[in-house]
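Working notes for the structure below.
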Amino acid sequence: MNGTIGILGETGLKFFGAMTASASHELKNVLAIINENAGLMSDLTEMMIKSGAVDLDRIHSLAGRFGSQVSRADRIIRNLNQFAHSMDHPANEVDLCEQLQVAVDLTHRFAAMKGVGLELDLPETPVCLKTNSFFLHHLLWLCLEYAMDVSGPQKSVKIDCNKHSGKVNIKISGLHHPPNRYEEGLLSEPGKAVANFLGAALISDEEEGSVTITLPENIVFSEGRQL
Amino acid sequence: MSEKVLLIDDEKDFIEALSERMESRGMKVSSTVSPKEGLEIVDKETFDAIILDLKMPEMNGLEVLKIIKEKNPDLQIILLTGHATVEKGIEAMKLGAMDLLEKPIDIATLTDKIKKAQARKMILVEKKTEEKIRKIITSKSW
């Protein structure tokens with residue numbers, strides 16, 4: 001820490017804010033649905049009391065709606081909690097498959113707003129690495145944000161990962177890079193700063209329409225890269 | 001007179017429940033999860049109030065509001081949002097929204113706003129009719 005917030009701190013905070021704002025917004029939508037269905041149940045109960053007829057199917061169907069919204073809220077809060085805990089340690093053992101799932105879930109709402117589908121293709125066995133989980137989330141977000149903007153007419157982005165020769169690779173494909181966009185977008189600050197901090201390399205393949213993030217299996221904090 | 005309302009929100013479970021509650025309060029409700037379809041419905045039918053979600057895929061609520069107001073400035077639009085901020089409120093009012101309500105909404109408050117929207121629309125329609133009649137009277141030599 002050098003006393004100033006720096007580019008990592010500044011963009012990291014913005015990213016944290018964007019994710020929590022999006023998750024809280026989605027939670028408000030869940031609450032709105034629960035609120036309307038609770039109101040509807042109350043209306044129906046009043047009508048049933050007046051008429052003396054009980055519509056069990058309606059009550060059952062409303063209970064189902066409550067259940068699905070509670071599951072939805074639980075998933076959002078679980079992801080948000082995991083995301084918040086990504087800041088606990090400068091470096092820790094991460095299961096990349098689990099982290100990618102959380103990253104895609106957190107990005108889901110932004111993707112839906114842009115009409116883009118995110119498809120996660122994960123290996124069956126965990127892909128483990130030691131890294132800074134928060135900045136890995138940040139780098140994934142920067143790459144996914146870029147990918148959503150250049151997803152082309154098919155509007156479908158695929159994410160997969162593997163480990164090879166001590167390196168961990170995350171490939172994001174389904175992109176249609178316009179000329180210079182990669183350099184201007186993903187490789188501009190803060191993308192470079194976050195990748196540099198994690199010791200990651202970003203490789204663009206225009207022909208294939210992909211960006212690959214290559215990370216070391218173990219993060220090394222050299223001088224000037226420490227939090 | 002029953003109020004005619006259009007609901008536009010991408011959350012299906014939300015509009016289904018809200019529509020039913022509004023109908024049980026005597027309103028005539030049409031609804032859609034697609035803002036683009038909502039614009040098509042507005043082109044074909046008239047409504048006392050349009051309830052519009054601010055954040056939706058395809059188009060956001062402010063874009064939809066702008067298009068509707070350009071076509072029909074008299075339509076009364078109530079925006080719904082997850083987080084109502086002063087900034088959003090000002091932007092919505094500048095574009096001609098009647099009100100901005102935060103989700104989860106209170107049905108009594110919404111019903112009250114819809115009744116006010118209907119009254120406001122009737123005043124605007126009456127004014128326009130009066131103006132038309134005045135124009136006809138002044139332009140004709142009886």
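The values are calculated or read from the model by the stated rules, or taken from the named source; none is laboratory data. Source: prediction; values computed, not measured. Glycine gets a Cβ as well: all are built from the backbone with ideal geometry, and neighbour counts include every protein chain shown. Calculation scope for accessible area: heavy atoms of the full protein, side chains included, ligands and nucleic acids excluded. Shrake-Rupley method; radii C 1.70, N 1.55, O 1.52, S 1.80 Å.
What is the percent of Cα-Cα separations in segment A:92-216 that go past 24 Å? Tail fraction, whole percent: 20.
Calculated from the alpha-carbon coordinates, the protein assembly as shown shows an Rg and a Dmax of 25.8, 96 Å respectively. Report summary: the helix-based calculation at 222 nm, which adds -39500 (n - 2.57) for every DSSP H run with n ≥ 4 and divides by the residues of chain A, gives -18500 deg cm²/dmol. Of the trypsin sites (Lys or Arg not before Pro) found in segment A:147-227, those that fall in a DSSP loop while having at most 16 other beta-carbon atoms within 10 Å are A:K155, A:R225.
Evaluated with a Cβ-only charge set (Lys, Arg +1; Asp, Glu -1), segment A:108-227 carries a dipole of roughly 320 debye about its Cα centre, given to the nearest 20. Heavy-atom accessible surface, probe 1.4 Å, ligands and DNA/RNA ignored: which residues of segment A:106-121 lose at least 50 Å² versus the isolated chain? Relative to the lone chain, where solvent access is computed with a 1.4 Å probe, segment A:106-121 loses at least 50 Å² at A:M113. By a 1.4 Å probe calculation restricted to protein chains, A:S188 has an accessible surface near 40 Å², given to the nearest 10. Estimated at the nearest 10 Å², the accessible area of A:R65 is 40 Å² with a 1.4 Å probe. Remark: accessible area buried at the B-A interface is about 1900 Å², both chains counted, probe radius 1.4 Å. Segment A:167-211 and segment A:1-63 have Cα centres separated by 35 Å.
Checking the cross-link pairs B:K12/B:K128; B:K55/B:K121; A:K50/B:K113 against a 30 Å limit on the alpha carbon distance flags B:K12/B:K128 as lying beyond it.
Each residue of segment B:29-35 was assigned a 3J(HN,Hα) from its phi angle through the Karplus expression (A = 6.51, B = -1.76, C = 1.60, θ = phi - 60°), giving 10, 10, 8, 8, 8, 10, x Hz with x at Gly and Pro. Chain B has equivalent-ellipsoid semi-axes of 29, 17, 14 Å, by the square roots of 5 times the alpha carbon gyration tensor eigenvalues, sorted largest first. Computed with a 1.4 Å probe on the full set of protein chains, the accessible area for B:E130 sits at about 100 Å².
Amide H contacts under 5 Å for B:L79: B:L52, B:M98, B:D99, B:L100, B:L101, restricted to partners 5 or more places along the chain or on a different chain, H placed in the peptide plane at 1.01 Å from N. DSSP assigns beta bridges within chain A; of those with both partners inside it, close to 80 percent run antiparallel.
Of all lysines in the structure, the ones whose alpha carbon falls short of 25 Å from that of A:K167, not counting any fewer than 8 places away in one chain, are A:K130, A:K158, A:K192.
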